[in-house]
Every structure is written in C-alpha cells, then in structure tokens.
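The values are calculated or read from the model by the stated rules, or taken from the named source; none is laboratory data. It should be emphasised that the depicted structure is a prediction, and the values quoted were computed from it without experimental measurement. Cβ sites come from the backbone with ideal geometry, for glycine too, and all protein chains shown count toward neighbours.
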Amino acid sequence: MRTDEVYIKTDAGRDEIDTRARRLSPALRSMLLVVDGRRDVGQLRELATGLHAPHDALAQLAGLGLIVPQSHALSSAAAPPALSDMAGRYRLLSGLMSEAVRQHLGLRGYFMQLKIERCADTDELSALLPELRAAIARAKGVPSASQWEQGIRAALA
C-alpha cells in the first residue's frame, strides 16, 4: 500500500459495520470505522497506533474485501453518495464509542451504550466522552483511558 493512497469502504465494509457478521476484532473494526475516503494510508496508520490495531490492519481489511483504494472504486463502479461531514463524524464517533464500551466495559457498559444510542448528534456524543473516559479508567486504568481518548481525538481530527 502506498502511503498517499486513499481507501474507502466497499458495500461489504458498510454492511460489516451494520451487521458485525465477520466478528472482526475490536481494533480491526475500529480501523474499518475510520476509513472514510479522506485520510490517506499514512494518516490511517498513525490512527492505528492509537487504536491498538495491528500494523497490517489495512491490508487485512483490503484482503477481506471491506476496503478498496478510492481510485479503484471510482473506476470500477459509480461512487456511493457521500455522507455529509456531520453525519460521517456522528457515525464514526458513535461507532468508536460503542466499540469502546464493548471492548473495555462489557456488560457493565450497558447503560453507557444506551446513552450513546440516544444521542442525536455529535455534540451530544462529545458531551458523553468524559463519562465514557472515566468508566474506561475505572475498568482498565487511567493510562488505557488516556490512550483511548487520544485515539478518538485523532480519529476526529
């Protein structure tokens, strides 16, 4: 993969986000969530570090047919309609927060997950970040919570 290449999700990748049919590891699923057609491979690899994804996460996702280079997708088929920036940010943030609940809190995070699902926009989700960070800190320790928060902030940048 060239570091200046930009990847997008395939129909199978979008379906995986909705259905979780392939049961991807939390780190690999988080990487799938941040592939947005705007960040290049270099930027995605930086995010992978904060998300604890394997060094070959993008190659794994491409191998599963969940992501493809944007240039390849545009030449082989019509591009799907792009989500608005706010809708994309909402979907990314809610996905990453939900994934953190499952990965770090398990069943103890049930009520936090309900709060996430009730949020209607990115502002409401952002308001929940400190509460989720505190819950992760209680469950996994302050260093893990800090590292998770850095990964979230980097993904939203």
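Residue by residue, here is whether (1) touching a Gly at 6+ places or on another chain (Cβ under 9 Å); (2) at pLDDT 85 or above; (3) in a helix (DSSP H, G or I); (4) under 23 Å from ASP4 (Cα atoms) holds:
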| residue | (1), (2), (3), (4) |
| --- | --- |
| HIS72 | no, no, yes, yes |
| ALA78 | no, no, no, yes |
| ALA87 | no, no, yes, no |
| MET97 | no, yes, yes, no |
| TYR110 | no, yes, yes, no |
| GLU117 | no, yes, yes, no |
| SER126 | no, yes, yes, no |
| ALA139 | yes, yes, yes, no |
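For every residue, the table says whether it meets (1) over 12 Å from the mean Cα position of the chain (by Cα); (2) surrounded by 16 or more Cβ atoms within 10 Å (Cβ to Cβ); (3) touching a residue at least 40 places away in the same chain (Cβ under 8 Å).
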site: ILE8; (1), (2), (3): yes, yes, yes
site: ALA21; (1), (2), (3): yes, no, no
site: SER30; (1), (2), (3): no, yes, yes
site: VAL35; (1), (2), (3): no, yes, no
site: ARG38; (1), (2), (3): yes, no, no
site: GLY42; (1), (2), (3): yes, no, no
site: LEU47; (1), (2), (3): no, yes, yes
site: HIS55; (1), (2), (3): yes, no, no
site: LEU58; (1), (2), (3): yes, yes, yes
Pairs, please: C-beta under 7 Å, at least 6 apart or cross-chain, first residue at negative phi and in region 135-157, second among the aromatic types (Phe, Trp, Tyr) and assigned to a helix (DSSP H, G or I)?
-> ILE136/TRP148
